[in-house]
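In what follows, a structure is listed as structure tokens, so that the remarks can point back to it.
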Amino acid sequence: MRILIADDHTLIREGLRKILVESFPFADIHDVSDSADLLKKAVHEKWDIIISDISMPGYSGIEILKQIKENAPQTPVLMLSMHAPEQYAVRSLKAGASGYLTKESAPYELVKAVQQILSGRKYITSEVAEVLAGSIEQNNTQAPHEQLSDREFEVFKMIVSGKSISTIGEILSLNVNTISTYRSRIMEKMHLQNNADLVKYAIMNNII
């Protein structure tokens, strides 16, 4: 069995590897630290499962997920995130993920998730199921932030966390003008005027 782990934090990759080795001692486990290497390995090599962080340098995990599903549609991908399910679970599953886990729950649920996905099923926790149900109910009345693209939502999250346009550009490997364009689109879609409005909205909607 071949497993690919993608996360930009060495400690996280080592921790995930340790958990997996204990339950799958004969697995061939590889890891990468950025989205470029993830895409390269995912497309050019065969994997039984890919376990990927959502937030990495370069392209976001969800954007890479979409590209993986286009080029290697049979490869199951389990998404990991430090964010609560209501922020990224629905986006991940819509993009083709076979499951979604928070990093907080990974030590307890990772092996179960991998086993279930390898059996051909999706892994959805009760918390994620609740978020999905709520998403279906609210499908016709989307909240403003739910209308953002995956990249716009990522930039939105960084803005409300206090990061500058230049810092966001460095993290995402994009130029300042591109980030400014994303910011303008976010303001337009959400009908807000400035960063203070974005922060207020994020607080009111439990995004930060």
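Where a number appears in this text, it was derived from the coordinates with a stated rule and is not lab data. Being a predicted model, the structure only gives us computed values, none of them experimental. Every residue, glycine among them, receives a Cβ derived from its backbone with ideal geometry; neighbour counts consider all protein chains shown.
Past 26 Å, Cα to Cα: identify those pairs from 112/163; 46/163; 41/94; 40/189; 40/163; 66/103, in the order given. Working shown, then result.
Details: 112/163 36 Å; 46/163 37 Å; 41/94 23 Å; 40/189 33 Å; 40/163 29 Å; 66/103 21 Å.
Those over the limit are 112/163; 46/163; 40/189; 40/163.
Distance distribution note for the chain: the fraction of Cα pairs above 20 angstrom is 58%.
Stick to Cα atoms and the Kirkwood definition of Rh, then tell me Rg/Rh for the stretch 140-208. All intermediate terms of the calculation are to be shown ahead of the outcome.
Values: Rg = 11.4 Å, Rh = 12.0 Å.
My calculation puts Rg/Rh at 0.95.
When the GluC sites (Glu not before Pro) in the stretch 3-70 are filtered for DSSP coil states and for at most 11 other beta-carbon atoms within 10 Å of their beta-carbon, no site remains.
For the chain, what is the charge dipole size about the Cα centre, in debye to the nearest 20, if Lys and Arg each add +1 at the Cβ and Asp and Glu each add -1 at the Cβ?
On the way: 22 positive and 26 negative charges, 52 e Å.
Roughly 240 debye for the chain.
If the segment from residue 86 to residue 115 were pulled out straight at 0.36 nm per residue, it would be longer than the present Cα-Cα gap by 8.0 nm. A crude spin-label estimate for the pair residue 143 and residue 46, with each label 7 Å from Cα along the Cβ direction, gives 4.3 nm.
Considering only Cα atoms, the convex hull volume of the stretch 84-200 works out to 129 Å³ per residue.
Taking the chain as a Gaussian network of alpha-carbon nodes connected by springs under 10 Å, the highest mean-square fluctuation of the residues 181, 125, 75 belongs to 181. Projecting label points 7 angstrom from Cα along Cα→Cβ for residue 133 and residue 177 puts them 4.9 nm apart.
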